[in-house]
Structure formats: C-alpha cells, structure tokens
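Since the structure comes first, as structure tokens, the remarks are kept for the end.
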C-alpha cells in the first residue's frame, strides 16, 4: 500500500501520524501523534492551535510560581489544570470518541484517563517536569519524577479523578476498581508505557468505540494507523 494513500484513514491524518512517530518518545512528539489520530475524524483541527493552548496553560502555571522547585511547579500545575480549569474524566459519556481526541479534550476539559494523562504530561514538559505514562490494566495513570533529598522519587497521579496523588497501594486499589477484579500488587502494573504501547492503547480504544457504534470504516482507519507502529 502507498504509505501516503491509505484506503480508509484520512490521508493527511495518516501522514501526520507517520511523521510524528519517530519523536513519539518525547512529550511533544506524543502530543503530535495523538493529534494526528484525531485528525482522521476532525480534519479541521489545527496542531498549531493545540500547541498554542498548551503554551497558554504553561504560562498560566508559570505566572503563579514564585519558586522553580519541582514540588512548587507541580502544585501550581495541579491547581491550574484540575482546580481552576476542571480537567477531569468524562464519567457521564465515557465511550464518546471525542474523549480520545486531544483537540476535544483541550476544548471540553473532559476525556479518558489516557488522553488526560497525555495532556498533563505535555503541559508538565513545558514546565521542565518529567512525567511518564503508566500502562496499568484498566486505568492509565501518570508517574511524575521529582528529585527529593538528592535522589529521584516517583509520584503517581490520576488525571481522570482530578489529579489526585496516589501511593503504590492506592494505584493497585484503583486498578482493582477499574477492572472489577482483585489485583495483586506487582511492579508489572506500574510499568511505564512505551510510545508504541501508549498510542496502540489509544487506537484500540477507538476501534472498540467505533465497532460498538457500527463505524466499520473508521475501525479500519484506526487499524491502518496501528500498522504504522
């Protein structure tokens, strides 16, 4: 198949996804790849506009911060995103495709755990904070690396539920809640998501939503994007 002419996916979205993939290990590259996924359904969504929104969020946090200490940046990041702007999970309409689209998540401030974590990570990167995605079963989370007493320590954040900070034990409890099954504590459940895993999980989510609503051609479009990973 011609890499620039997919059979089902909107060609511009397909090309943008392919271009973003080599840099998807960075917060910026992951943001661009996720934006490209949305452009299959939202062809008028301009990446520059999304990056401008991110820039405004970063600036809003910076204006509040008196100290450049990571803990201060993190506290103000949470205040802006979750307390002031109200980013949180769309529990009322969880299975809307829009919850998987970064442009819509930025507009409505509602989304899935995985897209909210992606936005959280992208804004955090603009502040110099290091955030990883946690590929936990049933519920995607964020891991923030901060230096305390001369060594790196991890803090777990749940952007879906208002940016709450979680201990490891609370992460396992959250996984059990999401999956409806008792989960034995295991480092495997705290494993960081590789870029391919992150994007693949987003595409699988959309395939499930499209299949449930009879959007067969869109299922195939997401499979074409999956084939690029």
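What follows is calculated from the coordinates using simple rules that are stated; it is not laboratory data. These numbers were taken from a predicted model, which means no experiment stands behind them. Methodologically, a virtual Cβ is constructed for each residue, glycine included, from the backbone with ideal geometry; neighbour enumeration extends over all protein chains shown.
Given a 10 angstrom Cα cut-off, can you work out which residue in 85, 73, 141 is the most mobile in a GNM of the chain? Judging by the Gaussian network model, the answer is 85.
Rounded if a/c is under 1.5, else prolate if a/b is larger than b/c, else oblate: which is the stretch 11-226, with a ≥ b ≥ c the root eigenvalues of its Cα gyration tensor?
oblate
In plain terms, the chain from residue 51 to residue 94 could stretch by 13.0 nm, reckoned as 0.36 nm per residue minus the Cα-Cα distance. Applying 0.36 nm per residue to the separation of residue 196 and residue 12 and subtracting their alpha-carbon distance, the gain on full extension is 64.2 nm. If you take the Cα centroid of the stretch 84-113 and the Cα centroid of the stretch 146-208, the two points sit 18 Å apart. Here the gap between residue 83 and residue 173, fully extended at 0.36 nm per residue and compared with their Cα-Cα distance, gives a gain of 30.0 nm. Extending 7 Å from Cα along the Cβ direction at residue 130 and again at residue 152 yields two label points whose distance is 0.3 nm.
Return the calculated 222 nm mean residue ellipticity for the chain, to the nearest 500 deg cm²/dmol, obtained by summing -39500 (n - 2.57) across DSSP H runs with n ≥ 4 and dividing by the residue count. All intermediate terms of the calculation are to be shown ahead of the outcome.
Values: 9 runs with 112 residues, N = 229.
It lands at -15500 deg cm²/dmol.
For the chain, the longest principal axis of the Cα atoms and the long axis of helix 11-20 meet at an angle of about 40 degrees. Placing pseudo-labels 7 Å out from each Cα toward the beta carbon at residue 107 and residue 66 gives an inter-label distance of 4.0 nm. Is the shape of the stretch 130-190 best called rounded, prolate or oblate, per the rule: a/c under 1.5 gives rounded, else a/b larger than b/c gives prolate, else oblate, with a ≥ b ≥ c the square roots of the Cα gyration tensor eigenvalues? Since a/c reaches 1.5 and a/b is larger than b/c, the shape of the stretch 130-190 is classed as prolate.
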